[in-house]
Amino acid sequence: MAKPKVEDAADDAKKVVDDAKNFIEKAISDIGKTSATKQLILGTASGWITGFLTMKIGKIAAVGVGGGVILLHIASQKGYIDINWDKITKKVDKITDKIEKEATGKSPDWFNKVERFVDRKLDKAEDLLKRKEVKAKRWYNNFVGDDHYRATESHVFLASFVAGMAVGLICGN
């Protein structure tokens, strides 16, 4: 059997879209001819169904996105992947500048850019000091033989995520 041409697929897709559009227009015009009570009932029922489905799909999407973020965070913590945070923050800064320029009509001034730059450098310095502190504590604990457990930021994050997810699931029912 021969493959359909690209133009045939585009024509088929256009036909499906036109059929759906015609069906929606016909349904709306038919509803418009009915009594106000029937319109109110149909509008309320369709709105409720749309809201209910949106909440269910939204929950599934939120769990998927949240789970993906958590998996990325865990993979980064375990060393399976290396995230280039500098590249991400530079890209976010560029996008923020574009959005600010579109919203206000003027680009951010040099003071804001310097402030962001210094903030990023201070964050890097803080991370470096934390890593050195952790290495020093690990060396000391290995030297002394003290295996005292200390919760890290990822433990706190995961515990709060699980608690938040439980509250969300309880409230969502």
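Each reported figure results from applying straightforward, stated rules to the coordinates on display, with no laboratory input. Because the structure is predicted, anything quoted here is derived from the model rather than measured. So basically every Cβ, Gly included, is an ideal-geometry build from the backbone, and we count neighbours across all protein chains shown.
Calculate, for Lys113 and Leu40, the FRET efficiency according to 1/(1 + (r/R0)^6) with r their C-beta to C-beta distance and R0 45 Å; round to the nearest 0.05. Working shown, then result.
Numbers: r = 55 Å, r/R0 = 1.22.
Result of the calculation: an efficiency of 0.25.
Using the structure shown, select from Lys78/Lys130; Lys94/Lys132; Lys87/Lys113 the pairs with a Cα to Cα distance greater than 23 angstrom. The partial results should precede the final answer.
Values: Lys78/Lys130 17 Å; Lys94/Lys132 32 Å; Lys87/Lys113 16 Å.
The pairs that break the limit, which is 23 Å between Cα atoms, are Lys94/Lys132.
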